[in-house]
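Below is one structure; the comments refer to it alone.
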Amino acid sequence: MKNIDKPIQSNDRSKNSNVVLEKYFIHSLQEMYYAEDQIAKEFHTIQSHITSPNLKAILQNHFDIHLKHKERLEKIFRLKDSAIQGRNCETFNALLAEGLSHLALFSNDISNWEIALILVSQKLAHYKIASYGGLAHLAINLNYYKAATLLAFSAQEEEEYIANNLNVIIDDFLSAHVEGYKN
């Protein structure tokens, strides 16, 4: 009991930790906003090269979902009184560059180019799932429950996009082109 009059260690460390977490959260939101902008630019670039009506419809539908994701991010920025802006994201740039190089391999082979496009789309969607899911957890830790909900919706939409669209179109392709695939 000799330290009874001594104050318990200050919450300065906890406050500092929250400040760092807050900055990390905003930084990560900005990276996702940047990623969403880059996806839109690339979609507009490749859209005219897609010949499969089914794939074109799937990717157009996903582009519409992408617009919802951008709106949600903008809403979160406004909730936080933060400027709506993107921040360069090297990880995403590397993933996108890899995907574009894969597409370049099949520039004269549209069937395989579209398969590569599906695979690139899957990679980008998985990146978004991980990012939105992680951001939702950060938001919960910061007690930003509305932001966490919005971010969780975006992660869920990406998961549904993969399960209901990309996996189905790959399954259809394999069924049509790989003998004994369904057996």
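One table, with the values for the structure above:
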read-out	value
Cα centroid of the stretch 22-58 to Cα centroid of the stretch 123-183, whole Å	14 Å
Reported label for calculated mean projected area of the Cα convex hull in nm² given (i) 11.7; (ii) 15.4; (iii) 13.4	(ii)
Overall form of the stretch 86-183 per C-alpha gyration tensor (a/c, 1.5; a/b vs b/c)	oblate
Cα lying deepest toward the dipole's positive end in the stretch 43-183, options 152, 137, 77, charges on Cβ	77
Helix-only mean residue ellipticity at 222 nm for the chain, each DSSP H run of n ≥ 4 adding -39500 (n - 2.57), per residue, nearest 500	-26500 deg cm²/dmol
Virtual spin-label span in nm between residue 54 and residue 68, 7 Å along Cα→Cβ	2.3 nm
Under the span-like rule (Cα at least 30 Å along the axis, Kyte-Doolittle mean at least -1.0), DSSP H helices of the chain	12-46, 53-79, 110-141
Within the accessible area of the chain (1.4 Å probe), percent carbon and sulfur	53 percent
Given charges at beta-carbon only (K, R positive; D, E negative), |dipole| of the chain in Debye	960 debye
Additional length obtainable on full extension of the chain from residue 37 to residue 80, 0.36 nm per residue less Cα span	13.4 nm
GNM top mover of 69, 27, 49 - the chain, alpha-carbon springs below 10 Å	49
Accessible surface, the stretch 26-183, averaged per residue in Å² (probe 1.4 Å)	52 Å²
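The values are calculated or read from the model by the stated rules, or taken from the named source; none is laboratory data. Predicted, not measured: the structure shown is a model, and the values here were computed from it. Methodologically, a virtual Cβ is constructed for each residue, glycine included, from the backbone with ideal geometry; neighbour enumeration extends over all protein chains shown. Quick note on the areas: whole protein, heavy atoms, side chains included, nothing else; ligands and nucleic acids left out. Shrake-Rupley method; radii C 1.70, N 1.55, O 1.52, S 1.80 Å.
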